Amino acid sequence: MTWNIRDSREAEYSEFVVNELIPRITRLGLGDLEFWYTRFGDADQIQASGIAKSMTQMKTILGSEEWGSIQDMLSGYVDDYRQKLINSKSGFQI
């Protein structure tokens with residue numbers, strides 16, 4: 001997933017990530033959550049990833065009402081949200 005934090009929403013965004021986003025995503029069954037912040041360069045400000053136990057579980061999570069609720073809440077803090085679903089392999093993936 002990638003996105004850019006809206007101007008003047010950084011403090012509220014940070015609070016949302018810690019208190020809502022991470023706990024809710026974890027409860028859905030995503031693990032190994034990683035969030036990368038781009039400080040310099042021409043790239044999305046945030047890159048985030050998580051791993052499910054199977055592709056079936058991931059598709060179930062992404063199709064759930066809870067995931068939709070999380071995305072709706074996140075959209076109040078960010079712009080340019082995109083997500084991509086890939087099969088997990090060992091090593092770094094883009």
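The values are calculated or read from the model by the stated rules, or taken from the named source; none is laboratory data. Every value quoted in this text rests on a predicted model; they were computed, and no experiment measured them. Counting neighbours? That spans all protein chains shown, and the Cβs are built from the backbone with ideal geometry, glycine included.
Select from region 63-94 the residues that are among the aliphatic types (A, V, I, L, M) and at pLDDT 95 or above and write down the one among them that is nearest to Arg9 (Cα to Cα).
Filtering region 63-94 down to residues among the aliphatic types (A, V, I, L, M) leaves 70, 73-74, 78, 85-86, 94.
Now drop any that are not at pLDDT 95 or above, which leaves 70, 73-74, 78.
Working: Ile70: 17, Met73: 13, Leu74: 11, Val78: 8 Å.
Among those that are among the aliphatic types (A, V, I, L, M) and at pLDDT 95 or above, it is Val78.
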Taking region 41-74 and the residues there that are without any contact (Cβ under 8 Å) to a residue 40 or more places away in the chain and part of a strand (DSSP E or B), the one that is farthest from Val17 (Cα to Cα) would be Ile51
Residue check: is Leu28 surrounded by 15 or more Cβ atoms within 10 Å (Cβ to Cβ), farther than 18 Å from Tyr81 by Cα and of a type in the set (A, V, I, L, M, F, W, C)? yes
